[in-house]
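Participant: The structure follows.
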Amino acid sequence: MANGGPVEHGYPHLETVRAAINALYKRLSYDTVQTFATSVAPADVAFCDTDDLYLGAQRVAHEMVRHYRLPDARMIVGFREMTHAANVELAAGPEYFIELNDRFRTHRRDIGAALAHEVMHVYLHRLDLSFPGTRDNEILTDTAAAYLGAGWLLLDAFREDAASSQKLGYLTPEEFGYVLAKRALLFDEDPAIWFTSPQAYTAYTAGMELARRDTRRPPLTAAGWAGRRRYARDRRHAQDHPSPDASQPGGVPYSFTPDSTDPPGDHDGPGPLRVSFPCPTCHQRIRVPVRGRVRARCGVCRTVLECDT
Ligand SMILES: [Zn+2]
Ligand SMILES: [Zn+2]
């Protein structure tokens with residue numbers, strides 16, 4: 001887990017974050033994701049300065065193990081001087097050694113955030129789910145922690161004032177907000193009530209705006225007027241310029257392909273099309289025929305998609 005440096009903002013890792021949510025659904029299945037409907041409760045990871053450092057860290061780590069359902073895993077938490085914020089040794093188990101940066105000795109309220117990330121490494125390791133490259137794998141770890149109910153602690157560890165700033169994890173605050181918002185929309189949850197950091201709240205609000213935008217993109221019926229108009233224009237272009245390859249208009253998430261299941265010769269004019277677009281919940285590509293109102297169900301996350309194609 002990285003430590004320090006200027007705080008990056010916006011959505012520089014958005015594509016990887018979306019790929020991470022999709023990979024999580026595919027590896028865990030809809031049913032397993034549903035078992036994470038309840039987030040880690042603030043009281044269960046509270047850590048005050050009068051608590052014993054080691055017992056307290058051990059207790060919070062145990063709470064993460066319980067939350068991620070790693071029944072036989074045992075976390076052994078230690079502290080040392082290091083450049084990173086935290087680190088976990090991914091061995092065969094059942095014991096895993098987690099090292100936390102010495103500074104957590106005096107920043108105990110952020111130990112839950114660090115452990116949410118490190119124990120998620122163990123969870124993904126046991127699932128044998130990883131992304132190639134350190135950067136993408138860390139993004140997967142943060143995204144999974146946030147989507148499965150422990151990562152709100154990571155966003156809450158983001159604090160800024162005139163003199164200093166601190167942030168944990170690889171996602172930007174807004175990206176954490178986005179993943180938490182997608183989770184909130186799925187489980188009808190409001191993590192904002194747990195935030196102690198005002199900056200976390202702001203980032204969550206920004207992320208929620210983007211998450212809602214995912215659900216209002218054409219060809220979904222919830223799309224706004226401007227998006228629908230653009231969609232109609234792109235569709236006309238695809239119909240007028242048939243090509244065997246996907247026609248991918250610039251800057252939009254959908255693309256058109258000829259419908260190969262259509263028997264040739266039974267129609268005049270432009271051939272039938274299919275449109276593919278990312279599922280607003282899990283980002284799986286969905287393909288539906290272009291023929292007006294269509295209802296589809298995402299095969300990965302089971303979201304029902306009302307489309308106007
Ligand atoms: Zn990490
Ligand atoms: Zn889906």
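A short reminder: the numbers here are calculations on the coordinates, not readings from a lab. None of these values were measured; they are calculated from a predicted model. Reconstructed Cβ throughout: ideal geometry from the backbone, glycine too, with neighbour counts over all protein chains shown.
Participant: Work out, step by step, the length gained on full extension between residue 237 and residue 127: first 0.36 nm times the residue separation, then minus their alpha carbon distance; give nm to one decimal.
Facilitator: So the chain would gain 35.2 nm between residue 237 and residue 127.
Participant: Apply the Debye scattering formula to the chain, with a single equal point scatterer on each alpha-carbon and no solvent, then give log10 I(q)/I(0) at q = 0.16 Å⁻¹.
Facilitator: -1.23
Participant: A follow-up question, please. Run the lone-cysteine check on the chain: no other Cys C-beta under 4.7 Å from the residue's C-beta.
Facilitator: Those would be 48, 307, since no other cysteine Cβ in the chain comes under 4.7 Å of theirs.
Participant: Over the stretch 93-252, what is the relative contact order in percent, taking alpha-carbon pairs closer than 8 angstrom and at least six residues apart?
Facilitator: 15
Participant: Taking the Cα centre as origin and putting +1 on Lys and Arg beta-carbons and -1 on Asp and Glu beta-carbons, what dipole magnitude results for the stretch 225-308, to the nearest 20 debye?
Facilitator: Magnitude of the dipole: close to 500 debye.
Participant: Determine ³J(HN,Hα), in whole Hz, for all residues of the stretch 155-168 in sequence, where each value follows from phi through the Karplus function 6.51 cos²θ - 1.76 cosθ + 1.60 and θ = phi - 60°; x replaces Gly and Pro.
Facilitator: With the stated coefficients, the stretch 155-168 comes to 5, 5, 7, 7, 9, 9, 9, 4, 8, 8, 9, 9, 8, 10 Hz.
Participant: Right, next: Please sort 47-60, 204-217, 116-129 by packing, taking for each peptide the average over its residues of neighbouring beta carbons within 10 angstrom, highest first.
Facilitator: 116-129, 204-217, 47-60
Participant: Sticking with this one: Just name one of 282, 272, 257: the one whose Cα is farthest towards the positive end of the charge dipole of the stretch 225-308 (beta-carbon charges, Lys/Arg +1, Asp/Glu -1).
Facilitator: Looking along the dipole axis, the top candidate is 282.
Participant: Further question on the same structure: Of the listed peptides 94-100, 147-153, 250-256, what is their order by residue-averaged count of other C-beta atoms within 10 Å, with the highest listed first?
Facilitator: Put in order of decreasing packing, that is 147-153, 94-100, 250-256.
Participant: Now for a separate question. Which order do 195, 277 fall in if you start with the one that has the fewest other Cβ atoms within 10 Å?
Facilitator: Ascending Cβ contact count within 10 Å gives the list 195, 277.
Participant: If you don't mind, there's one more thing I want to ask. Let me test this: with uniform point scatterers at the alpha carbons of the stretch 1-56, what is the Debye-based log₁₀ I(q)/I(0) at q = 0.13, 0.20 1/Å?
Facilitator: Treating every Cα as an identical point scatterer, log10 I(q)/I(0) equals -0.70, -0.97.
Participant: Find, to one decimal place in angstroms, the Kirkwood hydrodynamic radius of the stretch 225-308, where the mean of 1/r is taken over every pair of different Cα atoms and then inverted.
Facilitator: 13.6
Participant: Sort 64, 82 so that the residue with the fewest other Cβ atoms within 10 Å of its own Cβ comes first and the one with the most comes last.
Facilitator: 82, 64
Participant: OK, next. On C-alpha positions alone, give me the angle between the axis of helix 198-214 and the longest principal axis of the chain, in degrees, nearest 10.
Facilitator: It works out to around 20 degrees.
Participant: Okay, moving on. Looking at the chain only, what percent of DSSP beta bridges run antiparallel? Nearest 5 please.
Facilitator: The antiparallel proportion sits near 75 percent.
Participant: Report the gain in length on full extension from residue 14 to residue 295: 0.36 nm times residue separation, minus Cα-Cα distance, nm rounded to one decimal.
Facilitator: Length gained, residue 14 through residue 295: 98.4 nm.
Participant: Testing the spin-label approximation: label points 7 Å from Cα along Cα→Cβ at residue 260 and residue 46. State their distance in nm.
Facilitator: The modelled label-to-label distance comes out at 6.0 nm.
Participant: To the nearest 10 degrees, how steep is helix 111-127 against the longest Cα principal axis of the chain, on a 0 to 90 scale?
Facilitator: 60
Participant: Once both labels are modelled 7 Å past Cα along the beta-carbon direction, what's the residue 222-residue 103 spacing in nm?
Facilitator: Roughly 3.9 nm, to one decimal.
Participant: Next question. In nanometres, what is the gap between the two model label sites at residue 306 and residue 95, each 7 Å from Cα along Cα-to-Cβ?
Facilitator: Here the answer is 5.7 nm between the modelled labels.
Participant: Zone of residue 185 (label point 7 Å along Cα→Cβ, backbone N under 14 Å): which residues in the stretch 8-40?
Facilitator: Backbone N within reach: 18, 21-22.
Participant: Also: Under a 5 Å amide H to amide H cut-off, with H placed in plane at 1.01 Å, what residues pair with residue 169 once short-range neighbours are removed?
Facilitator: Residues meeting the criterion, in which the H sits 1.01 Å from N, are 2.
Participant: Continuing with this model, one more query. Amide H of residue 79 versus every other amide H placed in the peptide plane: which residues, excluding those fewer than 5 positions away on the same chain, fall under 5 Å?
Facilitator: Here the answer is 100, since their amide H atoms fall under 5 Å of that of residue 79.
Participant: Further, regarding this structure: For the stretch 2-214, what's the relative contact order in percent, using C-alpha pairs closer than 8 Å and at least 6 residues apart?
Facilitator: Relative contact order of the stretch 2-214: 23 percent.
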